[in-house]
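Engineer: Below is the structure I would like to discuss, written out as structure tokens.
The values are calculated or read from the model by the stated rules, or taken from the named source; none is laboratory data. Values in this document were obtained by computation on a predicted structure and should not be read as measured data. Positions of Cβ are backbone-derived with ideal geometry, glycine not excepted, and every protein chain shown enters the neighbour counts.
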Amino acid sequence: MNISNWLLAGGLCALLVAPPALALEVDREVMPRITLGGRLIATLDHVDLETDKGADDEINLSDSSLLVRLDKRMYDDGVAGAVIGFKEHDEEVVFHQLHAFYWNRDFEVSLGRTRLPNTLLEFPVARDEDLLDYAYVGNASSNEEFDQLYGSTVSLNWFLDRKIQSLGVWAGTRINGEETPTFDNAPDGADSYGGGYVYEQSEDLRYVTWLRHAGLLADRQKVETLGEEEWMTAVIAGAEFNLVMNPQSNWSFAVQGIANEGIDGLTLANLLDLTDGVANRARAKYRSYVASLRYTARPNLLTRWQAALTVGYKDYSDFDDAEQTTIAPSLFYRLGQGVDLLAQYRHTSYGDALGDLTDNVAQVGIAFGLGATFNDNIGERASILNLEHGYIQ
């Protein structure tokens, strides 16, 4: 037997007696992209409220929040992930963002707690709650401020024209937890749905196209009354556009209106109820309008300061002299990236049927915002701070 035969025989014996070879284990876990964002906004509030004579001046930290977004690119197409966010509310920390999502170039789906699609435009006021009575469709089953802004929803948006235009539908609940103060007969389960069309220009082209933002939305809520179930419908329409085409010294104008058909059977006493007034006013038939004129100074295309005047008006259609008006001039000065000085004055007057009262709030403060991304292997995605109220543009 020659040497080649010996080698062949030895190799066959080795295969017969050797343990089976194991494939190299490869760790298939890919670290997600991690995006941190948040804002701390602190103001000194000097208040003079005829609607709440016991209110005192305070250091206001509301709307401060911290957000974390985790996402990965999928095998075939698109990106999936989750957002976790919590904020200070009534001297407590609560989760206001807690949802999963999937998106690609054609559509986006989201499931969980996030902002309700019950408003269209962001107006230049320090906090979204400053225009809560005018710019948002209220919650007809809760008096809790948190339930006016956030809810558990499932939403689907189809993108048109490179994501500038979209069509969307959503359904969900405005009630956040069993301990939330609500009417005793608040509906169980999903109590809201809606949809509409939105046009939103990208940030890169915000100052060089006439139309910034526009849309038309519908909002439906279930309302449980004694022995009866009703559905309440509201329509939101609005637009924001540039008045001059100068990105370094820009004037813009925004206007939004809400028509709420409400339900029957409400009285003025219901609207003035100190316990359930918030939900009762959301149930009433009304028309509300918000308009703002904004000037933004951007020398060398770097935003440095913004001055604005915002006016809100609301009329409860079934009652005479049941209207309210808010005028809110504001000034925001950018000290550095994400650090702003804030100053705002808010005057609100109520018609005779609502008590013929006035409220005044003067605010000065500072805001610090952050946004940071780690392990960015995906690329396109809007700023995580877009999930929060944006007071300066």
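Engineer: Test Arg174 against the criterion of being among the basic types (Lys, Arg), crowded, with 21+ Cβ neighbours inside 10 Å and within 19 Å of Gln221 (Cα to Cα), and give yes or no.
Structural biologist: yes
The rows are residues; the columns are (1) modelled with pLDDT under 95; (2) more than 25 Å from Ser64 (Cβ to Cβ); (3) in contact with a Lys or Arg (Cβ under 8 Å, 6 or more places away or on another chain).
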site	(1), (2), (3)
Lys87	yes, no, no
Val94	yes, no, yes
Phe101	no, no, no
Phe123	no, no, no
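Conditions tested, residue by residue: (1) more than 20 Å from Thr119 (Cβ to Cβ); (2) at pLDDT below 95; (3) over 22 Å from the mean Cα position of the chain (by Cα); (4) not in a strand (DSSP E or B).
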site	(1), (2), (3), (4)
Thr326	no, no, no, no
Asp340	yes, no, no, no
Ser349	yes, no, yes, no
Ile378	yes, yes, yes, yes
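Engineer: Is it true that Gly265 is in contact with a strand residue (DSSP E or B) (Cβ under 8 Å, 6 or more places away or on another chain), assigned to a loop (DSSP other than H, G, I, E, B), closer than 22 Å to Asp219 by Cβ and not aromatic (Phe, Trp, Tyr)?
Structural biologist: For Gly265, the condition - in contact with a strand residue (DSSP E or B) (Cβ under 8 Å, 6 or more places away or on another chain), assigned to a loop (DSSP other than H, G, I, E, B), closer than 22 Å to Asp219 by Cβ and not aromatic (Phe, Trp, Tyr) - is met.
Engineer: Just name the residue that is farthest from Asn250 (Cα to Cα) out of those in the range 289-324 that are assigned to a strand (DSSP E or B) and of a type in the set (S, T, N, Q).
Structural biologist: Ranking the candidates gives Gln324 first.
Engineer: Looking at the range 345-381 only, could you name the residues that are surrounded by fewer than 16 Cβ atoms within 10 Å (Cβ to Cβ), farther than 30 Å from Leu274 by Cα and of a type in the set (A, V, I, L, M)?
Structural biologist: The answer is Ile366, Ala372, Ile378.
Engineer: Provide a single number: the residues in the range 373-393 that are in contact (Cβ under 8 Å) with a residue 60 or more places away in the chain, polar (S, T, N, Q) and closer than 18 Å to Lys163 by Cβ.
Structural biologist: 1
Engineer: Can you find even one residue in the range 103-121 that is farther than 21 Å from Ala343 by Cα and of a type in the set (Phe, Trp, Tyr)?
Structural biologist: Within the range 103-121, one or more residues are farther than 21 Å from Ala343 by Cα and of a type in the set (Phe, Trp, Tyr).
Engineer: Given the conditions (1) modelled with pLDDT under 90; (2) in contact with an Asp or Glu (Cβ under 9 Å, 6 or more places away or on another chain); (3) part of a strand (DSSP E or B), which single one is not true for Asp63?
Structural biologist: Of (1) modelled with pLDDT under 90; (2) in contact with an Asp or Glu (Cβ under 9 Å, 6 or more places away or on another chain); (3) part of a strand (DSSP E or B), only one is false for Asp63: (3).
Engineer: Which condition does Ala269 not pass, out of (1) in contact with a Phe, Trp or Tyr (Cβ under 6 Å, 6 or more places away or on another chain); (2) modelled with pLDDT under 95, if it passes all the others?
Structural biologist: (1)
Engineer: Say whether the condition of being of a type outside the set (Phe, Trp, Tyr), in a strand (DSSP E or B) and surrounded by fewer than 16 Cβ atoms within 10 Å (Cβ to Cβ) is met by at least one residue in the range 103-110.
Structural biologist: yes
Engineer: Picking from Asp161, Asp147, Asp128, which residue would you name as being closer than 24 Å to Leu216 by Cα and in contact (Cβ under 8 Å) with a residue 60 or more places away in the chain?
Structural biologist: After ruling out the rest, the residue left standing is Asp128.
Engineer: Now a separate question. Confirm whether Leu205 is over 25 Å from Ser152 (Cα atoms), surrounded by fewer than 16 Cβ atoms within 10 Å (Cβ to Cβ) and in contact with a strand residue (DSSP E or B) (Cβ under 8 Å, 6 or more places away or on another chain).
Structural biologist: Judged against the criteria, Leu205 is not a match.
Engineer: Output the residue which, of all residues in the range 92-102 that are out of contact with any Gly (no Cβ under 8 Å at 6 or more places or on another chain) and either in contact (Cβ under 8 Å) with a residue 12 or more places away in the chain or closer than 19 Å to Ile175 by Cβ (or both), is surrounded by the most Cβ atoms within 10 Å (Cβ to Cβ).
Structural biologist: Val94
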